[in-house]
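> Starting off with a structure, shown below.
The values are calculated or read from the model by the stated rules, or taken from the named source; none is laboratory data. This is a predicted model, so every value here is computed, not measured. As a convention, Cβ positions derive from the backbone with ideal geometry for all residues, glycine included, and neighbour counts pool all protein chains shown. To get the accessible areas, we keep the full protein, side chains included, count just its heavy atoms, and leave off ligands, DNA and RNA. Shrake-Rupley method; radii C 1.70, N 1.55, O 1.52, S 1.80 Å.
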Amino acid sequence: SDEAEPLSERCSMFFDHFLKTYVSPYFQDRFYEISEALQIYDLNLKLAFYKSKWGSCTPTKKQICLNLNLAYAPLECIDAIIYHELSHLYVLNHSQAFYDVLLKWCPNYKEIVKQLKYIKPCKLGESK
């Protein structure tokens, strides 16, 4: 006899599907709106669930990854993470030069991202 999937797994799968279906288009639109405003083109955007990072940048691939759990954060946090990752296209590390670029684009970055430590995603299952 087949056992039904536990409720927590079904709920997690539902939330994953909801975020991928309904939130991804917002992330994509916002990402390309910001990158084009900064005159940065030909980028690849990857959206996924991550346990320990809000985003990442692989400059050699011109790829930015954003954590779909940002959907639980204020909209300004999504923008701040986008600016953060785009800054890595110019400066790979978190040196003063990096923050010079980032803070030019997002002057309130440091205040905005403080909110992220209070974000508790509603995911019930495992993330990557």
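> Kindly establish whether Leu89 is touching a residue at least 24 places away in the same chain (Cβ under 8 Å), open to solvent by less than 40 Å² (accessible area, probe 1.4 Å) and either out of contact with any Gly (no Cβ under 9 Å at 6 or more places or on another chain) or closer than 23 Å to Gln115 by Cβ (or both).
Working: touching a residue at least 24 places away in the same chain (Cβ under 8 Å): yes; open to solvent by less than 40 Å² (accessible area, probe 1.4 Å): no; either out of contact with any Gly (no Cβ under 9 Å at 6 or more places or on another chain) or closer than 23 Å to Gln115 by Cβ (or both): yes.
In short, no.
> Would you mention how many residues in the range 68-83 are open to solvent by less than 20 Å² (accessible area, probe 1.4 Å) and modelled with pLDDT of 95 or more? Don't jump to the end; show me each part of the working.
In the first step, residues of the range 68-83 are kept if they are open to solvent by less than 20 Å² (accessible area, probe 1.4 Å); the result is 68-70, 73, 77-78, 80-82.
From the residues that got through so far, the ones that are modelled with pLDDT of 95 or more too are 77-78, 80-82.
Residues in the range 68-83 being open to solvent by less than 20 Å² (accessible area, probe 1.4 Å) and modelled with pLDDT of 95 or more: 5 in total.
> Is it the case that the range 102-117 has a residue that's in a loop (DSSP other than H, G, I, E, B) and open to solvent by less than 40 Å² (accessible area, probe 1.4 Å)?
Initially, the range 102-117 is screened for residues in a loop (DSSP other than H, G, I, E, B), giving 106-108.
Next, from what is left, pick out any that are open to solvent by less than 40 Å² (accessible area, probe 1.4 Å): 106.
Yes, because at least one residue in the range 102-117 is in a loop (DSSP other than H, G, I, E, B) and open to solvent by less than 40 Å² (accessible area, probe 1.4 Å).
> Specify which of the listed residues (Leu38, Leu19, Leu43) is open to solvent by less than 80 Å² (accessible area, probe 1.4 Å), at pLDDT below 85 and not small (Gly, Ala, Ser).
Values: Leu38 fails: at pLDDT below 85; Leu43 fails: at pLDDT below 85.
Testing whether each residue is open to solvent by less than 80 Å² (accessible area, probe 1.4 Å), at pLDDT below 85 and not small (Gly, Ala, Ser) leaves just Leu19.
> Name, by its number, the condition in (1) open to solvent by 40 Å² or more (accessible area, probe 1.4 Å); (2) touching a residue at least 40 places away in the same chain (Cβ under 8 Å) that does not hold for Lys61.
(2)
> Given (1) over 30 Å from Ser8 (Cβ atoms); (2) aromatic (Phe, Trp, Tyr); (3) free of Cβ contacts under 8 Å to residues at least 60 places away in the same chain, where does Tyr72 come up short, assuming only one miss?
Every condition holds for Tyr72 apart from (1).
> Report, by residue number, each residue of the range 9-30 that is touching a Lys or Arg at 6+ places or on another chain (Cβ under 9 Å) and of a type in the set (Ser, Thr, Tyr).
Ser12 - this is the single residue of the range 9-30 that is touching a Lys or Arg at 6+ places or on another chain (Cβ under 9 Å) and of a type in the set (Ser, Thr, Tyr).
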